[in-house]
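Notes follow the structure.
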Amino acid sequence: MTRGGRVALALATALLAVAGYGQAPEDDVVEPTAEPLLRAELGGDVRYFQFVGLEGSVGEEHAERGALRLKLDAELGERWRFEGHGLLQGASPPALGGGFSLSQGRATRYFDVDAELDANDDRTIVSDIDRFNVRFDGRHLRLTLGRQAITWGVNYFWPVLDLFAPFSPERIDRDYKPGVDALRLTVPVGQFSEIEVIGALQGRETREDRSLAALGRFHLGNADVGFMIGDFHRDRVLGAFLTGDVRGSLLRAEVSFTSTSDRAREEGDPDDFVRATLGLDRLLTQSLSFVFETTYNGYGTNEPADILGLFGRERVRRGEITSFGRIASGVAVSWQTHPLLGLTGAALVSWSDGSVLLQPSGVWSLTNNGDLLFGGFLGLGDSSETEIASEYGATQATVWAALRWAF
């Protein structure tokens, strides 16, 4: 049922209740209405982005992206649920870099169901199925099979435990994670505690691109701890996280150790490496919040000349590695200036080469279902038209605006 339908139903129920107040005899008994066996809800949203490169910047002067997402949620009794998302996207020009890449994510999948509906020098239009899964809720477990969003890790910019299609730290549109083809088993083991086991196919080569991992989350008073072990693309990965309240601030820490597969070594990857992120969230006032993170990326480099060599690596292509410097930090300050207006200032710093990415943004609530989003990004640091001289220095200076409408 749509939101408008629910409002109309609630209003009609209230009017009937008022009209009948005091008229029914005391001995009248109203039999409860049986819950329907099958319940389904159809919705979705539309997003439209405009990007305008500033004068003197490198790249496209103007670009646009549109996306239509249709969502179906269905429940059969109390145990079964189906989720399906159909996605239609268009871009002009078709090969966009700069800001456009910051508004969308990517994931490597086993089932290739996307289709190119139109493609020329001016635009491209593609369709995809971004969610398609069935979930069973048992008394002591939950089982989900199909294309689904998976989020591991506890940090915002650099969640090093999230190896299933993580967001890049500079991503400006985070409402939907790309779906992953997987089987997920979740078993509660206490209040706010659970063990999750996931088997996923993250590519067409079943032997090389399969992942099997387990993550345990345990609630201990005012802290949560977690431990992960897994085989991702034949890499052996161990990890852990900790979150807790420290004098009114939320502390987030996570670390992972990767033992590299033979295939990755042949590409030139290190035998093993460590990644770690430390984050802090703080509510400064009722309307002002602060987020800070710093990360160590053992896979990254301290030499800007080596960044280009990382772009072609398998870990980067599948989205596992999202930053290239060895050490980086990120900060975001959000201010709710008005019930309808929120502003955010974010900055990413690569300490390996001294480059900075500035990302101011805002959101204005137009209606209950619609928002106007706006912002920009500016890269500061060494840049070159012929080669990558720093991680963020060559980022095109751009302003952008977007409309988001849910139905």
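On a 1.4 Å probe surface of the protein chains, which of Val160, Val356 comes out largest in accessible area, and what is the full order?
Per-residue accessible area, sorted high to low, gives Val356, Val160.
In deg cm²/dmol, rounded to 500, what helix-only [θ] at 222 nm does the chain give when every DSSP H run of at least 4 residues adds -39500 (n - 2.57) and the total is split over its residues?
Here the helix-only value at 222 nm equals -2000 deg cm²/dmol.
Once the other residues with Cβ under 15 Å from the Cβ of Ser352 are scored (Lys, Arg +1; Asp, Glu -1), what is the net sum?
Neighbour charge sum, excluding Ser352 itself: -3.
Using modelled amide H (1.01 Å from N, peptide plane; none on Pro or chain starts), what sits under 5 Å from the amide H of Gly44, excluding residues fewer than 5 places away?
So Gly44 has HN proximity to Lys71, Phe407.
Rounded to whole Å and ordered largest first, report the semi-axes of the equivalent ellipsoid of segment 89-236 derived from its Cα gyration tensor (root of 5λ).
They are 31, 18, 14 Å, listed from largest to smallest.
If you plug each phi of segment 130-137 into the Karplus form 6.51 cos²θ - 1.76 cosθ + 1.60 with θ = phi - 60°, what whole-Hz ³J(HN,Hα) values come out, in order, with x for Gly and Pro?
Using θ = phi - 60°, the values come out as 8, 9, 6, 8, 10, 10, 10, 9 Hz.
Under 5 Å between amide hydrogens, which residues at least 5 positions from Ala149 or on another chain qualify, with H placed 1.01 Å from N in the peptide plane?
Val180
Rounded to the nearest 10 Å², what accessible area does His140 show when all protein chains are kept and the probe is 1.4 Å?
Number for this one is 140 Å².
Provide the gained length on full extension for the span Val331 to Trp80, in nm with one decimal, where the gain is 0.36 nm per separating residue minus the Cα-Cα distance.
Extra length available between Val331 and Trp80 comes to 86.3 nm.
With θ set to phi - 60°, apply the Karplus curve 6.51 cos²θ - 1.76 cosθ + 1.60 along segment 157-171 and write out the HN-Hα couplings as whole Hz, x wherever there is a Gly or Pro.
Here the 3J(HN,Hα) series is 7, 10, x, 6, 8, 8, 9, 10, 6, x, 5, 6, x, 8, 4 Hz.
Could you compute how fast segment 320-407 diffuses translationally, taking Rh as the Kirkwood radius over C-alpha pairs and applying Stokes-Einstein at 10 °C with viscosity 1.306 mPa s? Give it in µm² per second.
In µm²/s, the coefficient is 109.
Please state the relative contact order of segment 154-302 as a whole percent: Cα pairs under 8 Å, 6+ residues apart?
17 percent
Any chance you could look up the accessible area of Leu380 with a 1.4 Å probe, heavy atoms only, rounded to 10 Å²?
It works out to around 80 Å².
Pick from Arg236, Arg69, Arg79: which is most flexible by mean-square fluctuation in a GNM of the chain where alpha carbon atoms under 10 Å apart are linked?
Fluctuation is largest for Arg79.
Summing Lys, Arg as +1 and Asp, Glu as -1, what charge do residues with Cβ under 11 Å from the Cβ of Val225 carry, Val225 excluded?
Net local charge, Val225 excluded: -1.
Which whole-number percent gives the relative contact order of the chain, counting Cα pairs below 8 Å spaced six or more residues apart?
With pairs under 8 Å counted, the relative contact order is 12 percent.
I'd like the per residue volume of the convex hull spanned by the Cα atoms of the chain, given in cubic angstrom.
Taking the convex hull of the Cα positions in the chain, it is 189 Å³ per residue.
If amide H atoms are built 1.01 Å from N in the plane of the peptide, which residues on other chains or at least 5 residues away come under 5 Å of the amide H of Thr301?
Gly325, Arg326
Can you tell me, using C-alpha contacts under 8 Å and at least 6 residues apart, the relative contact order of segment 281-407 as a whole percent?
20 percent
Please list, in order along segment 306-314, the HN-Hα scalar couplings obtained from phi with the Karplus expression 6.51 cos²θ - 1.76 cosθ + 1.60 (θ = phi - 60°), rounded to whole Hz, x for Gly and Pro.
8, 4, 4, x, 6, 4, x, 6, 4
Considering the Cα positions of segment 251-407, please state its Rg to one decimal place and its Dmax as a whole number of Å.
Cα only, segment 251-407: 18.5, 54 Å (Rg, Dmax).
Using the Cβ atoms and a cut-off under 13 Å, what net charge is assigned to the surroundings of Arg326, where Lys and Arg are +1 and Asp and Glu are -1?
Combined, the nearby Lys, Arg, Asp and Glu give -3.
The values are calculated or read from the model by the stated rules, or taken from the named source; none is laboratory data. Just so you know, these numbers come straight off a predicted model, no measurement behind them. Using ideal geometry, Cβ is built from the backbone for each residue, glycine included, and neighbour counts are taken over all protein chains shown. Quick note on the areas: whole protein, heavy atoms, side chains included, nothing else; ligands and nucleic acids left out. Shrake-Rupley method; radii C 1.70, N 1.55, O 1.52, S 1.80 Å.
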